[in-house]
Amino acid sequence: MKYRAGIVLAAAMTVSACGINSVPTAEENVNARWADVQADYQRRANLIPNLVNTVKASVAAEDKILTDVVNARAKATAIQVNAEDLSDPAKMQQFAAAQGQLGGTLSRLLATVEAYPEVKSQTNFTTLMSQLEGTENRITIAIRDYNGAVQEYNTRIRTFPDAVGAKIFYGAKPKVPYQATTPGAENAPTVDFGNLS
């Protein structure tokens, strides 16, 4: 009887040390962190129409830049990456490229606004820029948290003893960390309101 209990206990410890619980827990953490990244990008996308409308009233001559921002926003929001896609480098690259393009058009818009002091002095514009800057900071933090969760998950599924359960029970594949596609795209656009005093 004691011998059987010892075998059952040893088997339970062996199975529990093989990633039965830790691998799905780590994967769910990756998925949750990715949802945070998507939520922050969506928040940025939601702010853009208000920003464009605020600028449009004063900067009618800059229709091309406004159109580029609207088009880049549409493209960025059209590309969705779900939990199953987090192991697909091509899908992750496509998402990052669309977000990078949107960031670039926003930077061009902000550079254009510098030539229009009447826009910079509007309360709505100032408020929207503050919200956009806060959102860019949230995106940076969410990406950092996601990449940390990916690193933890990828390490877990590749190291013993969790690698055993990861391969046998889950067929786990490494997740792809988020990487900006253009140099500097991971940085928030520079916001310079000039001398407002």
State yes or no: is A111 surrounded by fewer than 16 Cβ atoms within 10 Å (Cβ to Cβ) and among the aliphatic types (A, V, I, L, M)?
yes
Looking at the range 6-24, can you tell me whether even one residue there is modelled with pLDDT of 90 or more and either open to solvent by 40 Å² or more (accessible area, probe 1.4 Å) or of a type in the set (D, E, K, R) (or both)?
no
Please specify each residue of the range 126-151 satisfying the condition of being closer than 25 Å to A32 by Cβ and among the β-branched types (V, I, T).
T135, I139, T140, I141, I143, V150
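Which is over 14 Å from D40 (Cβ atoms) and surrounded by fewer than 19 Cβ atoms within 10 Å (Cβ to Cβ), of N71, N137? Give the steps one after another, and end with the answer.
Numbers: N137 fails: over 14 Å from D40 (Cβ atoms).
N71 is the lone residue from the list that is over 14 Å from D40 (Cβ atoms) and surrounded by fewer than 19 Cβ atoms within 10 Å (Cβ to Cβ).
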Picked from the range 45-68 (must be in a helix (DSSP H, G or I), more than 12 Å from R108 (Cα to Cα) and open to solvent by less than 10 Å² (accessible area, probe 1.4 Å)), the residue modelled with the highest pLDDT is A45
Mind listing whichever residues of the range 33-51 are within 11 Å of the chain's Cα centre (by Cα) and among the aliphatic types (A, V, I, L, M)?
A35, V37, A39
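Consider the range 155-172. How many of its residues are part of a helix (DSSP H, G or I), touching a residue at least 60 places away in the same chain (Cβ under 8 Å) and within 25 Å of the chain's Cα centre (by Cα)?
Going through the range 155-172, the residues part of a helix (DSSP H, G or I) turn out to be 155-158, 162-170.
Remaining after also requiring touching a residue at least 60 places away in the same chain (Cβ under 8 Å): 156-157, 162-166, 168-170.
Checking the rest, the ones that are also within 25 Å of the chain's Cα centre (by Cα) come to 156-157.
Residues that pass the stated criteria total 2.
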Would the range 173-186 turn up any residue that is modelled with pLDDT of 80 or more, of a type in the set (D, E, K, R), in a helix (DSSP H, G or I) and touching a helix residue (DSSP H, G or I) at 6+ places or on another chain (Cβ under 7 Å)?
no
All but one of (1) within 15 Å of K175 (Cα to Cα); (2) free of Cβ contacts under 8 Å to residues at least 60 places away in the same chain hold for M92; which doesn't?
(2)
Can you name the residue in the range 74-114 that is at pLDDT 90 or above and among the charged types (D, E, K, R) and, of all such residues, is farthest from I143 (Cα to Cα)?
K75
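The values are calculated or read from the model by the stated rules, or taken from the named source; none is laboratory data. Computed from a predicted model, the values in this text were never measured in an experiment. Methodologically, a virtual Cβ is constructed for each residue, glycine included, from the backbone with ideal geometry; neighbour enumeration extends over all protein chains shown. Keep in mind that these areas ignore ligands, DNA and RNA; they rest on the heavy atoms of the full protein, side chains included. Shrake-Rupley method; radii C 1.70, N 1.55, O 1.52, S 1.80 Å.
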